[in-house]
Each structure stands twice: as structure tokens, then as C-alpha cells.
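Visitor: Okay, here's the structure, questions in a sec.
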There are 2 protein chains.
Amino acid sequence: MNYCSECGKSVDKRIPEGDDRPRYICDHCNIIHYQNPRVVVGCLITAGDKILMCRRAIEPRKNYWTLPAGFMENGETMLQGALRESQEEACAEVKGETLYRLFDIPHINQVYVFYRGELKDGAFAAGPESLEVQLFDESEIPWKDIAFPVVTDLLTEYLDDRKKGVFPVRVDQPSPLWAEHTGWNKR
Amino acid sequence: MNYCSECGKSVDKRIPEGDDRPRYICDHCNIIHYQNPRVVVGCLITAGDKILMCRRAIEPRKNYWTLPAGFMENGETMLQGALRESQEEACAEVKGETLYRLFDIPHINQVYVFYRGELKDGAFAAGPESLEVQLFDESEIPWKDIAFPVVTDLLTEYLDDRKKGVFPVRVDQPSPLWAEHTGWNKR
């Protein structure tokens, strides 16, 4: 940030009085331009034993597999956002949706909020941001071609929870599972 | 938003190609300035049967009672933010913390994420944003002087959950409880 988005004059970066960290300040408007984490909302959609996954048509991680998810928009609830992304990326309607998993990704200033639910009417298709959308059995999940660490974690935890028949809501940072599955740490 | 925060030139508000809602666009930098909801993180802190509350020293809702909570900062996890706010507003350390309640407040583009935990070492005090900090029994909670609807909801749900001895993680929008408790709907 170099300029005030309200008046267009240069901003200064300093610690405001009574604060403890540097902020972008416009001394003309007398505004502090706070910068805060963004929320990514998504949905783990199942059809019987199968899980719906999308192969990304866009960067980052084009060609890799993910779950329907994207940035939460102003004016919507987290669930509305997750259902919107399911519709946009996988042309999928969801039923029986429930909160499932939160992830903190502090180094990129993001929070992920995943719901889980069932595919309604069995219909799905690739939206504009997906190359293909597919239902995978546990044995078919493309572990080595997963787009993001949170997806690997979420799938691993879900499959484990499904065996136990309990689905607690959890929150913490992504584990190193993704690196193990993809061999990312060996590059 | 009137100006690009990167180059200081005027932004245009229009629907970008492939998008479905208006965004602020800088045609000089070729950047879309997305605007997304903010996350408020907080903590319901208990000491035995009592609940720790803070009387606000700042607007909005100065003089009204709330729980330690505030905007999540870049570079921190949700829990780190909730514990930071507990320290800043109530000089309170927390132990045994666990995720408890999410609220959507789409009309002000906010998400609330509350943890619950126990007061560590029994120590607390008013931080700079609090006029006073106090432990309340269920019978002492100042229902008519609560700062925000989410606080009324959270306390009501917590007291109910405590009677049942189960504390499920829930997410949905604030209920009209606050209006009922404060008489806000009668003004």
C-alpha cells in the first residue's frame, strides 16, 4: 500500500498511538487502513462413499486437484459462500451441510472454513475454474496431485473420521501431511 | 474506495470479465482490489461458575459489557488472536481453550470466532480499552447492558450448554435474543 484509497495521497507506515504494530495511515483523511486476514470457504461434498473433487483450471496450482473453495464475499455467510463455491466450481448443489473444519494459515493471512455435505440430485459438472470434476473412492484419491495442504489434511481427517463415525469440528494449522503425500518437501 | 492503493490513480467500479459482481479495478496497475469480510476473534473466559466480562472504554457501545474480542491480525492464528484480545482487554491469561462458536454477520461483513477457556491464575484487570473487568455469576450478568448481539447469544447458549454439560461448536447468524434482552426492538 502506497496511497490512500479514499483521497489518493501518500500513506505513512507507522505505529499509531495506542497501537502496537505498524499500520498504513493517511494523515490527510486521518484514517488507518487496517489489513486483516481473508476467509476461504469451501465444502467437502460426498456422494455415498465418494468425494467430489475439482481439477483446477487456473493458477495457482493449475491442473492439481482440490475441493470447491474460494474467498468469502462481503454480504454473505460462510455457509452461503461455501455453497456458492460448490455451485461455481463444480455445478453442485449440496444438502445436509454442516460445519466441519477450520484451518489457520497465518503465513499467508488466511483462514479456511470447510463445511461437509452430500451431493444433491447426483448432478455435477466442471465450472469455469475447473478442468474437470470427478467423484473419487478412497482408493482413487489423487494424493500426489493435490493442490493445497489443507485439502490433503481435510481428506485424511475425513476418511479417518468416517471410519470412526464421528465428525468433530476441529481447528488448527495444516499438518505436514501434504508435504509427505506430494513429496513437496523433497524438491 | 476512490483511488488505487498501489499507484494512486482513480479506480473504476465494474464487473470484471468472468466475475459476477462489481469490484474496484485499477486499469493502470491492472489490479482488482477485492474487499472481503473481516474476522473478529474472542474468548469466553470462565473462573469456576463465573464469566469474565469487560465494560467498554471505547466506541462503539462505550460503557456496555462485552467479552474480550477484536479484529484478527495478519500473521496470527484465530486462537492467538483470541488470546491476544483476552490479554489486551482483560489482562487475562487463558488455559484449556477450545473452539466454541462462530457467528456470521453478513450485513456488516464480519465473522466472529469465539473460543472458551478458563482463567489462569485468577488474575485479571482492565486493559486500555476497558473501563472495568469483572467476574459475573449467572444471576449477575448485566443482560440489559450488553454491547453486542453476539455476546448475548453466546452467553445464553453457554449457560444452556453448561446445564447440559455439552458444548457443541455451532455456527449461524445472531438470533433476536439481544433485542429481547436489551429492549432494543422497542426503541
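Each value in this text was obtained by applying a stated rule to the coordinates, not by laboratory testing. Predicted model only: the values in this text are computed from it and were never measured. Note that each Cβ is placed from the backbone with ideal geometry, even for glycine, and that neighbours are counted across all protein chains shown.
Visitor: Which value in Å is the Kirkwood Rh of the range B:1-95 over different Cα pairs?
Guide: 16.4 Å
Visitor: Using a label point 7 Å beyond Cα on the Cα-Cβ vector, give me the inter-copy distances for A:CYS7 in nanometres, one decimal, shortest first.
Guide: Reported distances to equivalent positions: 2.3 nm.
Visitor: Given labels modelled 7 Å from the Cα in the Cβ direction, how far is it in nm from A:ILE31 to A:ASP160?
Guide: Inter-label distance under the simple model: 4.5 nm.
Visitor: With contacts defined as alpha carbon pairs under 8 Å and 6 or more residues apart, what's the relative contact order of the range A:38-186 in percent?
Guide: Dividing the mean separation by the residue count of the range A:38-186 yields 28 percent.
Visitor: Only Lys, Arg, Asp and Glu count, each charged at its Cβ (+1, +1, -1, -1), so figure out the dipole size of the range B:38-186 about its Cα centre, rounded to 20 debye.
Guide: For this selection, approximately 220 debye.
Visitor: Calculate one ³J(HN,Hα) per residue across the range A:21-36 by plugging θ = phi - 60° into the Karplus curve 6.51 cos²θ - 1.76 cosθ + 1.60, and present them in order as whole Hz with x for glycine and proline.
Guide: After applying 6.51 cos²θ - 1.76 cosθ + 1.60, I find 8, x, 10, 7, 10, 9, 7, 7, 7, 6, 10, 9, 8, 6, 10, 10 Hz.
Visitor: Calculate the tail of P(r) for the protein assembly as shown: the fraction of all Cα-Cα distances greater than 33 Å, expressed in %.
Guide: 38 percent
Visitor: Let me ask you something else. Using alpha carbons only, how many degrees (0 to 90, rounded to 10) separate the axis of helix A:149-164 from the longest principal axis of chain A?
Guide: 40 degrees
Visitor: I've got another one for you. Can you tally the lysine pairs in chain B where the Cα-Cα distance is under 16 Å and the two residues are eight or more apart, or on different chains?
Guide: 6
Visitor: If you don't mind, another one. Calculate for chain B the 222 nm mean residue ellipticity that helices alone would give, adding -39,500 (n - 2.57) per DSSP H run of length 4 or more and normalising by residue count, nearest 500 deg cm²/dmol.
Guide: -6000 deg cm²/dmol
Visitor: For the range B:30-187, what mean projected area does the convex hull of the alpha carbons give, in nm²?
Guide: Convex hull of Cα atoms, orientation-averaged projection: 10.6 nm².
Visitor: So, with +1 on the Cβ of K and R and -1 on the Cβ of D and E, and no other charges, what is the size of the charge dipole of the protein assembly as shown about its Cα centre, to the nearest 20 debye?
Guide: Approximately 200 debye in magnitude.
Visitor: Which of the peptides B:94-101, A:170-177 is most tightly packed, and how do the rest follow, going by the mean number of other Cβ atoms within 10 Å of each residue?
Guide: Ranked by mean Cβ neighbours within 10 Å, highest first: B:94-101, A:170-177.
Visitor: Between copies, how close do the B:ASN109 label points come, placed 7 Å along Cα→Cβ, listed in nm from shortest?
Guide: 1.4
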